[in-house]
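This report concerns only the one structure given below.
We did not get these values from a lab; they are worked out from the coordinates using the rules stated. Just so we're clear, the structure is a prediction, and the values are computed from it rather than from any experiment. Cβ coordinates were reconstructed from backbone atoms using ideal geometry, including for glycine residues, and neighbour counts include every protein chain displayed.
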Ligand code: FES
């Protein structure tokens, strides 16, 4: 069958069932900003005629269908087709799914809009004022997700609400420890100011990089919103971390912080206004609440599970209210295993065992294994009986599954043990939340994966190893880095701000360690198997 590509005027022969995105990237180098994960909307095209597969859940959520468009990465060709590709190249994205929203930015030409803090939140302290929306100053905003490993940012045109350029950079705090626990220890030993300076430096360096790409100056940025986990929040604002290091692990400050960025120690962005939403609990930060805002603005049908997978995995069960918790999953998902390399070009993202041997999915020359590649390898070993449910590799593997010989890329017995611990932690989190609500797996209308890592995990692999409930894989949707989407929405939409405050007062934090069933559920979770019965 044939696909006609307009306005290029090219006609190509394709196989039935091929993805439009594969055809278009092969023929006209069509960009796929989120790599075809289905959450960015950047691959929207217009199918002018011909038979294609019906709209997917992602396309309905993003709202492309009502505009008469389709996501190329979710549309398969079923007959002769004519497709129109846009002339404008989409902005490369590092953020996640964006819901439809009414543009109502914090800084409006029409004048200042003052908003009071909700009564349920304490009065702001420090030298910052309460949330106040000022006028003038500029038309550009910067949204930031201050992650433990990476900092992602989006420069926003406040007149149109569109991103101008997006990107990410390494968090320079990595030089003081890879994880939040080490960094808290450093802060407790008196290095708090250094860590604060590094966080600011990381944000400002990223801002400079984005400004350069957009051909503007840092002074043009009038507002900066920053979301992050509770430790990043405290370190950025120079707050003491003592309360985060001992039970019940309370964040030092639970309130919106808003004020001149200069007062918070910014130099390059000293002309900007800084807005930082509050964390909910010790290990449920404003990044997780941003995920929740996006999920709610997408109007996802309840009940649903929202899981932000990472070193510290946040799990939220949304019914008529919201239960949240966090699970220390360790660094296996962040590819912190000997063959791990994170989500870089050359990372193996998928592994398939076949009769003929091992097949790996990788862009370019393989350099290592990503977190999703590791999960994929473990799932395949289970499917092929090369791994038992209790995590023991079969004798014939001799303690390792070799994926590539040169450079040597493999999954070892030890890596499997790390995955097992991570799975047990995440399983315990959603299992206990669901038990508290008396819900079975069949009750769930969806399982939504947030975070960059979660976006690349194959749902069937995640189900196979018991990381998520055994639901119909069609109900598992990747939302991408919705923490950054949330940071964007705080700048662009008053509705997002109001929803945040509502969800903040609705959400209840569940401390897993205090749950009487925790140890039993955790042990159950170390078995790598489908969670078939609730
Ligand atoms: S590439 Fe298709 S939605 Fe991002």
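Key figures
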quantity: Rg and Dmax [Cα atoms of segment 430-534; Å; Rg one decimal, Dmax integer]; calculated: 16.0, 45
quantity: Packing-based exposure ordering (other Cβ within 10 Å, fewest first) of 533, 233; calculated: 533, 233
quantity: Relative contact order of the chain, pairs being alpha-carbon contacts under 8 Å that are 6 or more residues apart, as %; calculated: 14
quantity: Peptides ranked, highest mean first, by Cβ atoms within 10 Å: ranges 495-501, 80-86; calculated: 495-501, 80-86
quantity: Rg and Dmax [Cα atoms of segment 342-474; Å; Rg one decimal, Dmax integer]; calculated: 15.5, 50
quantity: Packing-based order for 10-18, 426-434, 383-391, 485-493, using average beta carbon neighbours within 10 Å, highest first; calculated: 485-493, 426-434, 383-391, 10-18
quantity: Gain in span if fully extended, residue 413 to residue 320, counting 0.36 nm per residue against the direct Cα distance; calculated: 29.3 nm
quantity: Relative contact order (percent, whole number), segment 333-413, Cα cutoff 8 Å, 6+ residue spacing; calculated: 27
quantity: Square roots of 5 times each gyration tensor eigenvalue, C-alpha, the chain, largest first, Å; calculated: 35, 31, 22
quantity: Efficiency of FRET between residue 402 and residue 299 - r from beta-carbon atoms, R0 41 angstrom, step 0.05; calculated: 0.30
quantity: Size of segment 333-413 as Cα extents on the principal axes (Å, biggest first); calculated: 31, 27, 18
quantity: The chain - mean residue ellipticity at 222 nm from DSSP helices (-39,500 (n - 2.57) per run, n ≥ 4, rounded to 500); calculated: -8500 deg cm²/dmol
quantity: Packing-based exposure ordering (other Cβ within 10 Å, fewest first) of 21, 440; calculated: 440, 21
quantity: Segment 382-534, relative contact order in percent, only Cα pairs under 8 angstrom and at least six apart counted; calculated: 32
quantity: Cβ crowding within 10 Å averaged over residues, with 23-29, 207-213 ranked highest first; calculated: 207-213, 23-29
